[in-house]
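The values are calculated or read from the model by the stated rules, or taken from the named source; none is laboratory data. Computed from a predicted structure; not experimentally measured. A quick note on method: Cβ atoms are made from the backbone with ideal geometry, for glycine too, and the neighbour counts reach across all protein chains shown. Just so you know, the surface numbers come from the protein's heavy atoms only, side chains and all, with ligands and any DNA or RNA stripped out. Shrake-Rupley method; radii C 1.70, N 1.55, O 1.52, S 1.80 Å.
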Number of protein chains: 4
Amino acid sequence: MQHFTLLIHCKDQKGIVAAVTNFILKVEGNIIYLDQHVVVEQNIFFMRLECELTNTTHTVASVKEDFSTSIATDFKMSWEFYNKDLKPKMAIFVSKYTHCLYDILGRYSSGELNVEIPLIISNHEDLRPIAEQFNIPFFHIPFTKDNKEEGEKRQIELLQEFNVNFIVLARYMQIITPKLIELYENKIINIHHSFLPAFPGAKPYHSAFKRGVKIIGATSHYVTEELDEGPIIDQDISRVSHVNSVDDFIMKGKDLERTVLARAIKLHSERKMMVYCNKTVVFY
Amino acid sequence: MQHFTLLIHCKDQKGIVAAVTNFILKVEGNIIYLDQHVVVEQNIFFMRLECELTNTTHTVASVKEDFSTSIATDFKMSWEFYNKDLKPKMAIFVSKYTHCLYDILGRYSSGELNVEIPLIISNHEDLRPIAEQFNIPFFHIPFTKDNKEEGEKRQIELLQEFNVNFIVLARYMQIITPKLIELYENKIINIHHSFLPAFPGAKPYHSAFKRGVKIIGATSHYVTEELDEGPIIDQDISRVSHVNSVDDFIMKGKDLERTVLARAIKLHSERKMMVYCNKTVVFY
Amino acid sequence: MQHFTLLIHCKDQKGIVAAVTNFILKVEGNIIYLDQHVVVEQNIFFMRLECELTNTTHTVASVKEDFSTSIATDFKMSWEFYNKDLKPKMAIFVSKYTHCLYDILGRYSSGELNVEIPLIISNHEDLRPIAEQFNIPFFHIPFTKDNKEEGEKRQIELLQEFNVNFIVLARYMQIITPKLIELYENKIINIHHSFLPAFPGAKPYHSAFKRGVKIIGATSHYVTEELDEGPIIDQDISRVSHVNSVDDFIMKGKDLERTVLARAIKLHSERKMMVYCNKTVVFY
Amino acid sequence: MQHFTLLIHCKDQKGIVAAVTNFILKVEGNIIYLDQHVVVEQNIFFMRLECELTNTTHTVASVKEDFSTSIATDFKMSWEFYNKDLKPKMAIFVSKYTHCLYDILGRYSSGELNVEIPLIISNHEDLRPIAEQFNIPFFHIPFTKDNKEEGEKRQIELLQEFNVNFIVLARYMQIITPKLIELYENKIINIHHSFLPAFPGAKPYHSAFKRGVKIIGATSHYVTEELDEGPIIDQDISRVSHVNSVDDFIMKGKDLERTVLARAIKLHSERKMMVYCNKTVVFY
């Protein structure tokens, strides 16, 4: 039996749900999951639907074709169709921090992530041994003031060569270039080590310590051109107290970073998110 | 414009969502909220739908009538229709603890709860002054070994006299009788001061202290004949440590009890729950 | 038996703990609680000590006198001595929001707060009925652009007349004047309805909604001249999602505000905090 | 400069803190951390102290000797002295689950854990490749009904050969034998995949799902002869809802297991715990 996931958004109109569910009925699909959401302020309708096709005369490809030429057109929908049996390809970008990389690769090796990881790209050589430990191709693309364009070009070549669907910045300490952001719009996931919008930019744990907060956080978000301003995917927090040093903040923060980034990878790879107006709609 | 909330459950079948949404389309309703859930193990379909009627030729009453004689019958649905403009009537049962009662009445007076509170019933006189402080009729129905039947009879008379829709046990220290449970099936909400199923029964904070747990909890649930075994509505927890005494557990626990009970009241009064197989489906 | 709480801070030096504990031994005190903390960066030593006096020849007053003229002088300590049997007097300032006021008064009436509440001050008449419901004197001191000085003067007169030890701003929507802040340094507790330093100032729930955060928060802090920049006492958070409207944020936030403010009141009234460098040391 | 950690417990008596701090003063130690706790019910005094020796005429060894023959004897103390510069040796026991093992080895390789891991022991061959990936000796000791004694003997030989200080059961699916428990009393850490005392024994996620709980948990504890009844070290929880299947519970639970086990390893290896009456005193 074939499975697919359908993501839709369009102007809210009467009869959309009826139209979509009638369509699924027509192609002999069985709805496993359906959730919808209307953003009242902007009058936008969102839907996520998981379906199994019970009759082999209908395939994911034929249903997709049928959908695009009928109600998708009628309702002027933006939509995405995913074959659930195909794993998305995820590139990891790293610099020198090991904790998120180990965590992702451990989960990957344990079969927890529904992705393929064809390559790891880094601006430093330091983490090559970890990539080798897990048998994943590692590419060193150094970045200096003068070679930005060249570095970006090389990154894009590799991403295209390996058919990468989305990118995870696992504490990658380098600004992503606008061209790459454009090519992978809402497909580059970053983990920021603070509870955004508190403490954007560099050294958030130091700033949090200085301010005397009682809770620290981490935030996963899509990368946009505005630093740490992209659509937030997930956040989590951990309590701290006056007995904790900056080093304690950093150590506790690592646990947050690992977990919050892993959750974002799961949500993205399982097609559970849509983005609008710099926000995410997350269907659990 | 009239609003209603519709709760449905039935055997999962192809075409239910399409049928319901087509029906709403027909009565010129605008779907504000729709969520569905299928319990795969038992093949049961659940749906919650909020709707506004855009054409005055259709009223909540006419739509309800229409629904009951058409698809409700076709799909053999169990269903409930609620006019959103009518507030449910909630009775509070208390004994001697004040914290949950103050919290509920404070929220009620602040307009946070979409209910009416026609009366408070207690097996003790102690909390009458609080009821009077908030101008709510208070009835003292003492319970002894010998007057159980009489007490129950008096409770039921009062509940019917005041047209009570559901009951909240705000730390009511008395077993609810089977007859009352039957009359108010899945309509009596209790707050238990532990993280169920850990520490059922009496003195859970003392047991938690003795066991040396690092987290305590509270649980709101519907009352069934099996003590502390009813469908769980909500739970929450609070960290404790070796520095905390039993009294600290009790104090921290009060905050949990207040919050977890208040959330259950909101969910129930806003018709966001369905019960099956001793579990709750909670549509947020 | 008499009880006291002693708070100390001074330059970190060898032998402080030994000196203090020898002193307690000498006055036949029994240490019930002792916690210390050294802020390494600034080399400051903090200690909190609870003690019961086992021999009636020593009283809190005599021990205090003895302490001040011996080791307090030797180590150049800043210190505070509190007789545990005297309840601090707490004024409440409110405007129009009811939820924090109801919560505080409910806890107060339930005996959860170790304080006396001699008066409530407001810049509006709206909440007078709640004060009356709980039998607490209510004073209306309106604030306009032109009468600030006069209003402040009246506030200070009342606070002194009622011997107020500390002030709680229960969603008081008025800037506290510098003179009052100076008189009650680190003795005015505010609740801000965001996770500071995110969203300071007005309408934080609206800003949080706009930014698309996945977690909202509340922060209790001491009031300083810089708005929302004072020493943080406690913070807590609640998850939100795309299904939540601004009104949902506000409703969930009320629960946070209540709890986080109540915790701050407890910590302050039980003498569990010290302030330095715009941070709090909180001894649990 | 040498550092040590001192853990003490004894009958609560007047003058203990003074005696200990005077002793530290005498050996020219600088107290970096001191925390104490009195269990009132049993009248037991606990203290944790971290100290740096500022004068090289005093070494950890000489101070320890001095301590044991003076106040340790005077106050009849139970005590432990740890040289902070020596890393404890930790054995890992596994069966077939990979997630906790990957997590521990990732943290270990990242330098987050202050331990040495000289060996991994398993009753199955399955996880040998992971041990090899991280260059840690792996020993397969199968357990059947008939070879329990032999298997236990081999385990103990290996643990002694490698001078193992404590053992971590990273989802080891085998009952630990009484002899091993006796040899490593309060030195074997287990992770149980429920919020104890709820759902002890096998298949807790299935039981939690069946009961319809709204929160699941994980518990790290020391192993005692009573299954899942040992002193609790740490616990944490995660929210679940009706949309989550048993598989979702298991997946969310893995994150809890990883984190709660890692925290227990940190607390134990940093000598931050003492055990009494089947409870832990945890000094943060």
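Here are some notes:
- 3J(HN,Hα) along the stretch C:73-85: 6, 4, 9, 6, 7, 8, 8, 9, 10, 10, 6, 5, 8 Hz, from the Karplus curve 6.51 cos²θ - 1.76 cosθ + 1.60 with θ = phi - 60°, whole Hz, x for Gly and Pro.
- Taking the Cα centre of the protein assembly as shown as origin and assigning +1 to Lys and Arg Cβ atoms and -1 to Asp and Glu Cβ atoms, the resulting dipole is close to 0 debye.
- The modelled label-to-label distance for the pair C:GLU65/D:ASN83, using points 7 Å beyond Cα in the direction of Cβ, is 5.3 nm.
- Size of charge dipole - the stretch A:214-255 - debye, nearest 20, with Cβ of Lys, Arg +1 and Asp, Glu -1, no other charges: 360
- Counting charges near C:ILE156 (Lys, Arg +1; Asp, Glu -1) among other residues having Cβ under 12 Å from its Cβ returns a value of -3.
- For the residue pairs B:LYS252/D:LYS254; B:LYS254/D:LYS266; A:LYS96/C:LYS214; A:LYS89/B:LYS272, alpha carbon separations beyond 30 Å are given by B:LYS254/D:LYS266; A:LYS89/B:LYS272.
- Interchain or long-range residues, amide H under 5 Å from C:HIS242's placed H: A:VAL282
- Counting only protein heavy atoms and using a 1.4 Å probe, the accessible area of A:LEU183 comes to about 90 Å².
- Each residue of the stretch B:139-145 is assigned a 3J(HN,Hα), and the resulting list reads 10, 9, 10, x, 10, 10, 3 Hz, derived from the Karplus form 6.51 cos²θ - 1.76 cosθ + 1.60 (θ = phi - 60°), x at Gly and Pro.
- P(r), alpha carbons of the stretch B:90-282 - 10 Å bins starting at zero, rounded %: 9, 37, 37, 16, 2, 0
- Using a 7 Å Cα-to-Cβ projection, D:ASN278 label spacings across copies, nm, ascending: 2.6, 5.1, 5.6
- GNM flexibility winner over chain C from C:MET274, C:MET90, C:MET173 (Cα, springs under 10 Å): C:MET173
- Sorted from closest to farthest, the other copies place their C:ASN30 label points 3.7, 7.0, 7.1 nm away, with each point set 7 Å from Cα along Cα→Cβ.
- Mean per-residue shielding of peptide B:17-24 is 6, counting Cβ atoms of other chains within 10 Å of each Cβ.
- Electrostatic dipole magnitude of the stretch D:90-282 [Cβ: Lys, Arg +1; Asp, Glu -1; Cα centre; debye, to 20]: 640
- Sum of side-chain charges, D:PRO178 neighbourhood, beta-carbon under 15 Å (Lys, Arg +1; Asp, Glu -1): -3
- Dimensionless Rg over Rh [the stretch D:2-83; C-alpha; Kirkwood]: 0.96
- Positive-pole candidate from C:ALA91, C:VAL20, C:PHE249, dipole of chain C, charges at beta carbon: C:PHE249
- Working value for the stretch D:1-147: equivalent-ellipsoid semi-axes of 40, 20, 13 Å, each the square root of 5 times a Cα gyration tensor eigenvalue, largest first.
- Of the residues B:GLN160, B:GLN235, B:GLN36, the one that moves most in a GNM of chain B with alpha-carbon contacts below 10 Å is B:GLN160.
- Cα-only Debye scattering, the stretch A:137-227: base-10 log of I(q)/I(0) at q = 0.21 Å⁻¹: -1.06
- Solvent exposure of the stretch D:1-152, expressed per residue, is 44 Å² of accessible area, with all protein chains present and a 1.4 angstrom probe.
- Kirkwood hydrodynamic radius over Cα pairs of the protein assembly as shown, then Stokes diffusion coefficient at 4 °C and 1.567 mPa s, in µm²/s: 40
- Neighbourhood net charge (10 Å Cβ-Cβ; Lys/Arg +1, Asp/Glu -1) for B:THR280: +2
- For chain C, modelled as a GNM whose springs connect Cα atoms under 10 angstrom apart, the maximal fluctuation among C:MET77, C:MET47, C:MET273 occurs at C:MET77.
- Close amide H pairs (under 5 Å, H built 1.01 Å from N) link D:VAL275 with D:VAL281, residues at least 5 positions away or on another chain.
- Pseudo-label separations to other copies for D:PHE139 - Cα-to-Cβ vector, 7 Å, nm: 4.6, 7.3, 7.7
- Of all DSSP beta bridges confined to the protein assembly as shown, the antiparallel ones make up roughly 75%.
- Among chain C residues, the one whose Cβ is nearest the axis of the rotation from C to A, given with its distance rounded to whole Å, is C:ALA198, 2.
- The helix-based estimate of mean residue ellipticity at 222 nm for chain A, built from -39,500 (n - 2.57) per DSSP H run of four or more residues and divided by its residue count, is -10000 deg cm²/dmol to the nearest 500.
- Based on alpha carbons, the Rg and Dmax found for the stretch B:211-284 are 14.1, 41 Å.
- Buried accessible area, chains A and D (both chains, 1.4 Å probe, Å² to nearest 100): 1500
- For C:ASP236, the amide hydrogen comes within under 5 Å of the amide hydrogens of C:ALA218, counting only partners 5 or more places away or on other chains and with H modelled in the peptide plane.
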